[in-house]
Structure formats: structure tokens, C-alpha cells
Amino acid sequence: MTKLNEHYLNLQGSYLFAEVARRTAAYKAAHPQQEVISLGIGDVSRPLVPAVVSAMKKACDEMGQADTFRGYGPYEGYDFLRQAIARGDYQSLGVDIEADEIFVSDGAKSDVANFQEIFDARARVALQDPVYPVYLDTNVMAGRSGACVNGQFEKIIYLPCTAENRFAPALPKEHADVIYLCSPNNPTGTAMTRAQLSAWVEWARAEKAILLFDSAYEAFIQDADAPHSIYEIPGAQECAVEFRSFSKTAGFTGTRCAYCVVPKALKLYDKQGTAHSAHALWLRRQSTKFNGVPYIVQRGAEAVYSPEGRAQTREVIALYQANARVIARGLQTAGLQAFGGVNAPYIWLKTPRGMSSWDFFDFLLQELQIVGTPGSGFGRSGEGYFRLTAFNTPQRTQQAAARLGQLKK
């Protein structure tokens, strides 16, 4: 009799976005004549930009020639891409991150999910609430959560993010070993200020804790006081891992390419208190379980940092930012309270008339044929909120905004 990992039985319900897809598919099957507009799961609508496509086509040709063919690549990623990332995303900000501290992967979701493997099974985990589900669920799978009581796990430290605290998590009142932070935030769409991040870095260094900093949406930041990287904060290289993605910034949701930064100054400790390199541990994990991102894809990602690639991807990001403004105006017309949409492609709104998050999901789908994401799916503090995304086309976003305006009636 083969026994299962019983921690999986602690997972609550189905994965949020799978349930959104299930309900949407059921509605479409029952109402094939209705045009449903998705402002839900954060997939992009714009294609890869010409600079990326050109680079990938060239790489395809190289793979078809014996003298330029490449088989297995480096586990950490090709040096040409790691150098481009170091220069373009860090050294351009005056941040001293080296290419060999960067690990290329097939997605920020994978990295954030997998990084917890190098921590002790008893590590105390703190996370924002509401939160991207992968942070919590992977720690439940690993056995760090304890039992779920009244919608929250006994051993997880929750950091509520609500309108009352402007969706900025307060520092924990107890020790935590690992803290997940996301800025600009998914789902609330808010970005942490320099002062807020500085407080977190100071706290983590004092506690010898690790910050897992998800900055997948940094390209959307417009406020000067919101850092693009946690490493803009002095001392962060001693306490933080940063996760980035090409999915939303360059349309790689289906192409799959991302990276994380694990500074060499970052240490983890064994039972005797001896320090060990987190960089070396992560390299050991990746070289055991991961064979790298395809050469063709990495050449495409490298092209994002070319002058043409930069200009073209910024145009796409500007389009999504314009979509966010359109959605915000539609919600304003409807008289709904909304947040975010300035430094992130997400709009976080308060559900009307005291409706629950899932009730509002069903209402929008059935009455206005709009798909969004229930806030309660991101955690208990998300109940009574709802997430919309700016990733659809401008035309369909305008149509959705017009439908949202009807809520006032």
C-alpha cells in the first residue's frame, strides 16, 4: 500500500484559478451566444514584440545547423542572458548584482514555489493576506502550515493587507524565518515605498530572516518612491531573494522565461548555527531538478534588453497601463471603491452591497459576462474584494468598462 503525502490533504479546495476557469467554462457551455470578457487570470493579450521574435527566429536557425547547434545549456542560464539582466535590471539602477548571482528559469511561479525546498521543514513562514496562492500552498504541501482553522493555518503568520493599512503589511510581532513579499502586489495592485521596504530589510537582518521578494510586475511602477528592486535598499543582499519574470513585461506567458537573484552574501544556518551559502544550496537544487530554459527562449529574453526590445516592450506595458485606467474609470462611474491600477496591472475593488467575493464573481459573469477573480481566493483578508486585470485588448477592455458602468443602475 503506497501512502500519500498527507500534507496535500490540508490544501483548501481547488486551486483558485482552476476554479475560476471551471465556472467560466460551465457558463460558456450553457450560454454559447454570450460574449464573455475575461479580466480574470493574468494572461497577456499582446504578442511577442518584433525584437524578441527576430532573435528567436535567428536562434531557431542556429539550432538547425551542426556548427551552431546547442544541446543541454547551463543550469543557471546562458551567460549572455545573465549578463544582460545584470546590466539592464540592476547595474543600471546602481545596484551591484553580478551575473553569476542570477538564475534563469521557466517562470517566477516555479521559482517562488520551489525555493522553500531549501528551508527547514519547521521554518516559520509569514505572508501577506491576501496573497498569491502559490506562496501558501507550497508551504502547506511541505508540511509547514499546521491545520486550517476558520480559513487560516495554525502555523502560518498572516500579515493582513486591507484598505485600513493601505494594503501595506505590518512587521511581524513574532519571529518568522521566511517572509513572502510581493511588490507591486498581486492581487491588491499596490507598491511598497522605499521607507516600507527599508523597514523590512532592517527587520529581516536583525532577525536573521529571509525575504522572498516577488517583483514580477516592477516594469509597471510609475511612482518614484516605489523601488524597482529590493536591492536598492542597503543591506538587502544579506537577507533577500528577488524573483522576476518576462511573462507580463514581455509577453512570455506561453514562452516561459524568468529569473531569480540569490546574492552570494545571503546565508542560511544549520542546527549548530553554522552559516551556509543560499546561493550554493539553490545551485545544488537547480542542477539536480532543473535542466534549464531552452536556448531559443533565452535568446528571445536577451532581446528584451536591446534598444529596440526596450522600446517595444515599453509600448506594450503602456497599453496595459492605459487599460488599467479605463477599468478604473468604469468602476468610478459605477460608484465602486477601487485600488491599484497605477503601479501594477491589477485593480482591487470593494464588492458592492456587502456581496461576498464569489457571489460577486457569479453576478458579474451571469449579468455582465465579465470574468474576474474573487478576493477570498487570495486569503481571508481578501473576502469582500475582487481583482480585475488590465491584460485584455484595448477594445475588449473598453467594452468591459462600459458594462461595469451599468452597475450604477
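The values are calculated or read from the model by the stated rules, or taken from the named source; none is laboratory data. Keep in mind the model is a prediction, meaning the values are calculated, not measured. Positions of Cβ are generated from backbone atoms using ideal geometry, with glycine treated the same way; all protein chains shown enter the neighbour counts.
Key figures for this structure:
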read-out	value
Condition check for Glu19: closer than 30 Å to Ala303 by Cα, assigned to a helix (DSSP H, G or I) and not small (Gly, Ala, Ser)	no
Qualifying residues in segment 328-339 (those that are assigned to a helix (DSSP H, G or I) and free of Cβ contacts under 8 Å to residues at least 24 places away in the same chain) - the one surrounded by the fewest Cβ atoms within 10 Å (Cβ to Cβ)	Gln332
Options Ala18, Ala30, Ala108; residue that is under 22 Å from Asn139 (Cα atoms) and not assigned by TED's automatic domain parsing to the domain that holds Asn291	Ala18
Filter result for Asn139 (loosely packed, with under 15 Cβ neighbours inside 10 Å and within 30 Å of Leu4 (Cα to Cα))	no
Helices (runs of 4 or more DSSP H) within segment 230-311 that include 1 or more residues assigned by TED's automatic domain parsing to the domain that holds Tyr78, touching a residue at least 40 places away in the same chain (Cβ under 8 Å) and under 27 Å from Trp203 (Cβ atoms)	278-289
Residue check, Thr393 in contact (Cβ under 8 Å) with a residue 40 or more places away in the chain and closer than 22 Å to Asn186 by Cα	yes
Residue within segment 47-60 that is farther than 26 Å from Pro187 by Cβ and among the charged types (D, E, K, R) present	yes
Hits in segment 389-404 - residues which are surrounded by fewer than 24 Cβ atoms within 10 Å (Cβ to Cβ), part of a helix (DSSP H, G or I) and either polar (S, T, N, Q) or outside the structural domain of Asn323 (by TED's automatic domain parsing) (or both)	Gln395, Gln398, Gln399
Complete set of residues in segment 244-254 that are surrounded by 24 or more Cβ atoms within 10 Å (Cβ to Cβ) and of a type in the set (Phe, Trp, Tyr)	Phe246
Residue satisfying all of: in segment 89-100; part of a helix (DSSP H, G or I) and over 20 Å from the mean Cα position of the chain (by Cα); surrounded by the fewest Cβ atoms within 10 Å (Cβ to Cβ) among these	Ser92
Check on Thr333, at pLDDT 95 or above, of a type in the set (Val, Ile, Thr) and farther than 27 Å from Lys264 by Cβ	no
Of all residues making up segment 343-359, the number that are in contact with a helix residue (DSSP H, G or I) (Cβ under 8 Å, 6 or more places away or on another chain), free of Cβ contacts under 8 Å to residues at least 40 places away in the same chain, surrounded by fewer than 22 Cβ atoms within 10 Å (Cβ to Cβ) and not small (Gly, Ala, Ser)	2
Residue check for Gly42: surrounded by 14 or more Cβ atoms within 10 Å (Cβ to Cβ) and part of a loop (DSSP other than H, G, I, E, B)	yes
Evaluation of Thr190 against (1) farther than 16 Å from Ala123 by Cα; (2) buried (at least 22 other Cβ atoms within 10 Å of the Cβ); (3) touching a helix residue (DSSP H, G or I) at 6+ places or on another chain (Cβ under 9 Å) (one fails), failing number	(3)
Condition met for Val293 (at pLDDT 95 or above, closer than 23 Å to Glu62 by Cβ and in contact with an Asp or Glu (Cβ under 8 Å, 6 or more places away or on another chain))	yes
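For every residue, the table says whether it meets (1) surrounded by fewer than 14 Cβ atoms within 10 Å (Cβ to Cβ); (2) out of contact with any strand residue (DSSP E or B) (no Cβ under 9 Å at 6 or more places or on another chain).
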{"site": "Arg256", "(1), (2)": "no, no"}
{"site": "Leu268", "(1), (2)": "no, no"}
{"site": "Lys271", "(1), (2)": "yes, yes"}
{"site": "Ala275", "(1), (2)": "yes, no"}
{"site": "Arg285", "(1), (2)": "no, yes"}
{"site": "Asn323", "(1), (2)": "no, no"}
{"site": "Val326", "(1), (2)": "no, yes"}
